[in-house]
1. Need the failing condition index for Lys256 against (1) without any contact (Cβ under 8 Å) to a residue 12 or more places away in the chain; (2) closer than 23 Å to Trp296 by Cβ, just the number.
2. Name the single residue that is nearest to Glu340 (Cα to Cα) among those in the range 428-437 being touching a strand residue (DSSP E or B) at 6+ places or on another chain (Cβ under 6 Å) and open to solvent by 20 Å² or more (accessible area, probe 1.4 Å).
3. Please specify each residue of the range 468-507 satisfying the condition of being of a type in the set (Ser, Thr, Tyr), touching a residue at least 60 places away in the same chain (Cβ under 8 Å) and out of contact with any Ser or Thr (no Cβ under 6 Å at 6 or more places or on another chain).
4. Could you figure out which of (1) at pLDDT 90 or above; (2) assigned to a strand (DSSP E or B) isn't true of Gly337?
5. Kindly establish whether Gly377 is of a type outside the set (S, T, N, Q), in a loop (DSSP other than H, G, I, E, B), surrounded by fewer than 20 Cβ atoms within 10 Å (Cβ to Cβ) and at pLDDT below 95.
6. So which residues in the range 382-410 are under 16 Å from Met336 (Cβ atoms), polar (S, T, N, Q) and part of a strand (DSSP E or B)?
7. Mind checking which residues of the range 505-518 are over 21 Å from the mean Cα position of the chain (by Cα) and either at pLDDT 90 or above or assigned to a strand (DSSP E or B) (or both)?
Amino acid sequence: MSIENMDIEAEIRSLQLDSAEDNGVVNPIPTEPKTEEAETTDRMEEDAKEEVVEAHSSEPVQVDQKVTVKEKEVPPPEEEEDSGQNEKRHLNVVFIGHVDAGKSTTGGQILFLSGQVDDRTIQKYEKEAKDKSRESWYMAYIMDTNEEERVKGKTVEVGRAHFETETTRFTILDAPGHKSYVPNMISGASQADIGVLVISARKGEFETGYERGGQTREHVQLAKTLGVSKLLVVVNKMDDPTVNWSKERYTEIESKMIPFLRSSGYNVKKDVLFLPISGLLGTNMISRMDKKVCPWWNGPCLFEALDAIEVPPRDPKGPLRIPIIDKFKDMGTVVMGKIESGSVCEGDSLLVMPNKAHVKVIAVYCDENKVRRAGPGENVRVRLSGIEEEDISSGFVLSSVARPIPAVTEFVAQLQILELLENAIFTAGYKAVLHIHSVVEECEIVELLQQIDPKTKKPMKKKVLFVKNGAVVLCRVQVDNMICIEEFSDFAQLGRFTLRTEGKTVAVGKVTDLCLAN
């Protein structure tokens, strides 16, 4: 009897694996020829002898596929070799923009179009939205998972979801757009490689987001400061009756945004692309739209534009740096974060900084899948032994033992003052909240060292006691608790920051020197 049972189990298991293969879950092989970049990434990965389980490049969303995920955790060695070679590049995309611009709806539509959410789920969300008299929000329900978000129709936490195109695996970070939720948006953007700035073309909505105090402006400045170097500007709600795919409206928005993007530090020709879409209807997203809908648009659709974006250079052999954004207990202590440099492998001995705790890596997960190794750019959950969950805070950094990240309470920075609060003077003694990678700390400007001439970029000779809006200044910054940061020239992502006061971004800056204790 027991032998029969074993036979039946084996048969079920093989059927599950077969059906997983039919669904394209096991070993999807990109059909497109590899880009030069993908080949370079592969070479880098081969050098690092990266062996990542293929599970990591495909996300089955339905719960009933859990068994297949388990099967995939221990593939035969040959498959592991392949998975390293076939691996798609990975990019983090952050959706930013003013409240109600349609970020969650656009994100939800992307997941639906790329097959991550089925029709049944969509119908369920449609009904839920209808019951709450919010018919047009149903797509946003895919991204907005908690009740507070659904009731308000605003994204509060940073939503996360995964989808794939022919060449790339994407993680969507859906950043909140409401003014009081900007700190959450900062934690989303600090992990992103590229930004999708969603703008509403609806009459009055673009203007509200763009005017002083609107989130469109603040989000763009923050995104640039936080290292989002490439921006897709999607002009959404083009299907709205007040717009009706009007070329004039699209051009008007483009002409207002370009000078502002330029002043925020973006190279508009090289790093920014505008395109019209309808997030609710899915128009011009997965395929180019019909000329009958929009006769004047000859550019790419959203998926093509995302696929064409070049991956920022990353170093899998650099010292490990994982800024911790969250932690929880689950058969040990689990930390979450994005690998900014280096690679993490099961069995590694690492340091949690700044408290210098020696830890061992028990398991590594990318997305929902267990892997043996993960490289830079990946969002990971790492299970650790040797440390308790309560001894870790957001902003701590998982780092290599040989080259740990520096921990300081004081540093020198070059700051650009954006807009101070009314009657505020930026001088020694000025206090603000510092946001640097996943660190959020109270800080004080203890000394203004030199003002920088914005034209020549050279220090001015006269002694500086205070500065006004628009000034660039070199100053000494102090925090109460030890924080882990790097000089901007060594690790840009761990050396750029924003200063905020009373819910407003007042300055952006980069760390130029670390005041290390002897």
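1. Failed condition: (1).
2. This residue is Val433.
3. Within the range 468-507, Thr501 is the sole residue that qualifies.
4. Single failed check for Gly337: (1).
5. Here the answer is no, as Gly377 does not meet what is asked.
6. The one that is under 16 Å from Met336 (Cβ atoms), polar (S, T, N, Q) and part of a strand (DSSP E or B): Ser399.
7. Val506, Ala507, Val511, Thr512, Asp513, Leu514
Residue by residue, here is whether (1) surrounded by fewer than 18 Cβ atoms within 10 Å (Cβ to Cβ); (2) hydrophobic (A, V, I, L, M, F, W, C); (3) in contact with a Leu (Cβ under 8 Å, 6 or more places away or on another chain) holds:
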| site | (1), (2), (3) |
| --- | --- |
| Glu447 | yes, no, no |
| Thr456 | yes, no, no |
| Asn469 | yes, no, yes |
| Asn481 | yes, no, no |
| Glu487 | no, no, yes |
| Gly495 | no, no, no |
| Gly503 | yes, no, no |
| Cys515 | yes, yes, no |
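The values are calculated or read from the model by the stated rules, or taken from the named source; none is laboratory data. In this text the structure is predicted, and so the values were computed from the model without any measurement. Quick reminder, even Gly has a Cβ in these numbers, built from the backbone with ideal geometry, and neighbours come from all protein chains shown. Each accessible area value is taken on the protein alone, full model and side chains, heavy atoms only, with ligands, DNA and RNA left out. Shrake-Rupley method; radii C 1.70, N 1.55, O 1.52, S 1.80 Å.
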